[in-house]
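The values are calculated or read from the model by the stated rules, or taken from the named source; none is laboratory data. Please read these numbers as outputs of a predicted model, since none were measured by experiment. A quick note on method: Cβ atoms are made from the backbone with ideal geometry, for glycine too, and the neighbour counts reach across all protein chains shown.
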Amino acid sequence: MPGSAKGRIEATMKDPWSSGIGRRKAAVLAGFPLMAGLIGSARADTAPESTYDRIRRTQVLRIAALPGELPYFQKDLVTGQWSGAAISMALDIAKVFDAKLTYLESTYGNSVLDLQSNKVDLAFALNPTPQRAVSIAFSRPMIIHPFGCLAKKGLVPKTWDDLNKPGLTIVFDIGSLHETVARRFCPKANLVGFKTRDECTLALQSGRADAHIQAALLGLSTVGKNPSLGPFYLLSDPTVALPSCIGLQREPDSRFREVIDAWLDMNRGIGQIREWMLQGLAKDGVTKAQIPPGLTF
């Protein structure tokens, strides 16, 4: 009979949702979308803040600053003020975000670690090597940086073959791209490595070396400080040039990198980056007459 216990059990089996048990199950299931939404919201709330959003929120742009690395960086030891080509660029980028600029003293090697640990937002003048690209992101090229050398008096090299001779001693700083280039294009020469570029310069000055392999901007800075070592020779056949980029944090949100790339394209296109680079070189005593005609930025 419908009113009997047996009837109620049969009715529940046929339509469990009409029972109290069914209604309770339905309420729990109905709550799943809400719970899922709350969990999703919690995950979103704990997601790392992107560089773009943090700069817009705090109005602060953080960069790695490298003391004594002209033409990019120079710090006045008396006033603590920074200048140089990279500082001029960073100040202009900060204007895009209506942000103020803050500095973290670093080195080329440490600036990669500073990006990884979220201490800085930008690191200037980095070559985008595959090893670095595993850890950080890179902008489009800031400049294309060619290689050449300083040479002893009487030696006027124009190509790499002019240096690739057994009777010549070629010096470079150990572990640098200068070493990589020297070993690749001057294997027949007597190759000697030193710990620092200054030691290489001393070897050339003292007559213990015939040529010092350097990237163009570094070589010109050396000439600015020691005019007697000039000129700086760009070498060809082949022309060896590597991009110098701005390092950024690797993150899913690409908006910050897109702004930096757009900024680079515009300022390189109108010649502003070249002007900043020349101003930075001038701080090292480099005149326009000392800049090789074939050197472009």
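Scanning the stretch 271-292 for residues that are outside any loop (DSSP other than H, G, I, E, B), of a type outside the set (D, E, K, R) and either exposed (fewer than 14 other Cβ atoms within 10 Å of the Cβ) or over 23 Å from the mean Cα position of the chain (by Cα) (or both) turns up ALA282, ALA289, GLN290. A single member of GLY247, GLY271 is closer than 30 Å to PRO48 by Cβ and among the small types (Gly, Ala, Ser), and it is GLY247. Residue check: is LEU104 of a type outside the set (Lys, Arg), within 15 Å of the chain's Cα centre (by Cα) and either surrounded by fewer than 17 Cβ atoms within 10 Å (Cβ to Cβ) or under 25 Å from GLN205 (Cα atoms) (or both)? In short, yes. Do we have PHE232 as closer than 21 Å to ILE291 by Cα and in contact with a Cys (Cβ under 9 Å, 6 or more places away or on another chain) here? Considered against the rule, which asks whether it is closer than 21 Å to ILE291 by Cα and in contact with a Cys (Cβ under 9 Å, 6 or more places away or on another chain), PHE232 comes out as yes.
When you scan the stretch 217-262, how many residues do you find that are surrounded by fewer than 18 Cβ atoms within 10 Å (Cβ to Cβ), of a type outside the set (Asp, Glu) and closer than 30 Å to SER117 by Cβ? Residues meeting the conditions: 7. In this structure, PRO146 does satisfy being under 18 Å from the mean Cα position of the chain (by Cα), in contact (Cβ under 8 Å) with a residue 12 or more places away in the chain, within 25 Å of GLN205 (Cα to Cα) and outside any helix (DSSP H, G or I). Looking at the stretch 242-267, which of its residues are more than 17 Å from the chain's Cα centre (by Cα) and closer than 30 Å to ARG197 by Cβ? Scanning the stretch 242-267 gives a single hit, ASN267. No other residue among LEU155, LEU191 is farther than 28 Å from GLN249 by Cα and free of Cβ contacts under 8 Å to residues at least 40 places away in the same chain apart from LEU191. Residues that are out of contact with any strand residue (DSSP E or B) (no Cβ under 8 Å at 6 or more places or on another chain), under 24 Å from GLU275 (Cβ atoms) and part of a loop (DSSP other than H, G, I, E, B) occur in the stretch 91-101; there is at least one. Scanning the stretch 29-58 for residues that are at pLDDT 95 or above and either hydrophobic (A, V, I, L, M, F, W, C) or exposed (fewer than 12 other Cβ atoms within 10 Å of the Cβ) (or both) turns up ILE55, ARG57.
Contact map, the stretch 113-126: residues that are touching a residue at least 60 places away in the same chain (Cβ under 8 Å) and part of a helix (DSSP H, G or I) paired with residues that are buried (at least 24 other Cβ atoms within 10 Å of the Cβ) and not hydroxyl-bearing (Ser, Thr, Tyr), Cβ distance under 6 Å, separation 6+ or inter-chain. Pairs shown: LEU115/ALA123; LEU115/GLY247.
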